[in-house]
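Written out below as structure tokens is the structure these notes cover.
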Amino acid sequence: HIEDQLSGSVGGDETDDASDFVGMCRQVIISAAIFNIGVLKGPMTVEYEYSRPVIVPGARPRIETVKGYRPYFEFVEVWDYYPDMQAKSFSQVDGQFETHVYAKHQVQQLAERPDFFGDQIKEYLRDHADGDYEVQNYEQELDNLNGNKDNVKRTNKYRVTEWWGSISTKLLKDIGVPFDDDEIEDADTEDDTEEQRDPFDEQEKKEPEPDDGSVTKAVVWFLGDKVIKVEIDPMPNNVS
């Protein structure tokens, strides 16, 4: 099953992306040969729907549609990856950035996803209807190397920044990022009625917790000066 996933459905979070894993590894190796570094991002997962037969003794077989998850990887250009240059190994990394240049319709697609702040994205698109992309020096140099001597105009494009790293646990809780222990507490109090709840208890719950200095690995996306996604890193803490 894993071999089928790697050979047939790896390459991106787009359902119609059929890039193969071997071809992606080839891109990483070529990058390493030319620039001395090749970056492969993953594994990540994408949700999809598939059909499977259901056979019950004494009944006619039927087909049901279920949700599944498949792994996907992405090749990252050297120019788009910004690691923690003070770290000597991945275990010491405090955070790492990746930049994306998206078309307007791609940013709009992010606004429709449940894991992004759609209102923030739509507001930014209204304020920057023609895009916010500004060419960087290294991008102009790359254009020159490719034979494009004139400034390449990329209209209706947006620069989106993705960050993975450690951030204050208290800060995440203050802005409402759910943690597993919060879900447990909500489940315990779900059966309580309004009459049973003491308003003083509610007030006590709203008091800010003291900052004990702990950090949590998280994923944060930026669109200009707006945060458009904050989520707990799904990978275990001992995975870099």
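The values are calculated or read from the model by the stated rules, or taken from the named source; none is laboratory data. Model, not experiment: these values are computed from the prediction. Virtual Cβ from ideal backbone geometry, glycine too; neighbours counted across all protein chains shown. Heads up: the accessible areas ignore ligands, DNA and RNA and are worked out on the full protein's heavy atoms, side chains in. Shrake-Rupley method; radii C 1.70, N 1.55, O 1.52, S 1.80 Å.
Solvent-accessible area assigned to carbon and sulfur over segment 64-132 amounts to 49 percent, based on a 1.4 Å probe. Once the chain from Ile29 to Leu145 is taken as fully extended at 0.36 nm per residue, the excess over their C-alpha distance is 39.7 nm. What the Cβ-Cβ distance of Ser91 and Val177 gives, at R0 = 35 Å and to the nearest 0.05, is a FRET efficiency of 0.90.
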